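*Asks:* Next up is a structure, given as structure tokens.
Here, each number is a calculation from the coordinates, and none is a lab measurement. Small disclaimer: the values here were computed from a predicted structure and weren't measured. Here Cβ is always computed from backbone atoms with ideal geometry, including for glycine, and neighbour counts include all displayed protein chains.
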């Protein structure tokens, strides 16, 4: 593959990643509106119907419960509004963007989320940052859909020339050798290769799965 062909392939994948990030954001918002906020407001409506039917037989505690449910809904709507900005991955670093995602998951999904950063943060090619963020977003999506894990941990280690990222879950794991590689893992591997990063995965049925990305920060030769 010559340099021009490699550049066209990279730009095509970059555009695809940007579109997928926006689509994933809208999917997440839609799901949370339906599953979380919709249920909370349904409970609040049920309480209000009970009060209306009972006429004067209600207490201050009943009104307080409804108020708490409405406040909870408003708080979750505010949280979702933060990720509605489609340019979050362009205006901030991939670390800030993934931190926002983990905070949302922790609050809405009640899953333990942790982001650990070691070493001095290095400047990364902005286009590569978009690819890295999409890789992380896809890895997290796979965890939420398939692993049944009660925790997500992301470790990011910076050295002078490398950025190493581990995405760890404590879910059911899978047999890497005998399981067909889904589109999610294939996309991660393809995108890692495009930015010159190494991609490795370990999984254990009893301990969960670890995805490792080793990205060389000085990557001018890859695009």
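*Asks:* When ranked by the protection proxy of mean other Cβ atoms within 10 Å per residue, highest first, what sequence do the peptides 38-48, 207-217 form?
*Replies:* Top to bottom by mean Cβ count within 10 Å: 207-217, 38-48.
*Asks:* Students often check this: by mean Cβ neighbours within 10 Å, which of 125-135, 157-167 ranks highest, and how do the rest follow?
*Replies:* Most protected by this proxy first, the peptides run 125-135, 157-167.
*Asks:* Multiply the residue gap between residue 160 and residue 175 by 0.36 nm, knock off their C-alpha separation, and tell me the result in nm, one decimal place.
*Replies:* 1.9 nm is the gain from fully extending residue 160 to residue 175.
*Asks:* Using a basic spin-label model with each label point 7 Å from the Cα along Cα→Cβ, how many nm lie between residue 123 and residue 207?
*Replies:* 4.0
*Asks:* Provide the gained length on full extension for the span residue 61 to residue 190, in nm with one decimal, where the gain is 0.36 nm per separating residue minus the Cα-Cα distance.
*Replies:* 40.8 nm
*Asks:* Using a simple spin-label model with points 7 Å from Cα along the Cα→Cβ vector, what separation in nm is obtained for residue 110 and residue 70?
*Replies:* Distance between label points: 2.5 nm.
*Asks:* Ranking request for peptides 187-199, 106-118: highest mean number of other beta-carbon atoms within 10 Å first, then the rest in descending order.
*Replies:* Averaged packing, sorted descending, gives the order 187-199, 106-118.
*Asks:* Just how far, in whole angstrom, is the range 187-216 from the range 140-155 if you go by their alpha carbon centroids?
*Replies:* 14
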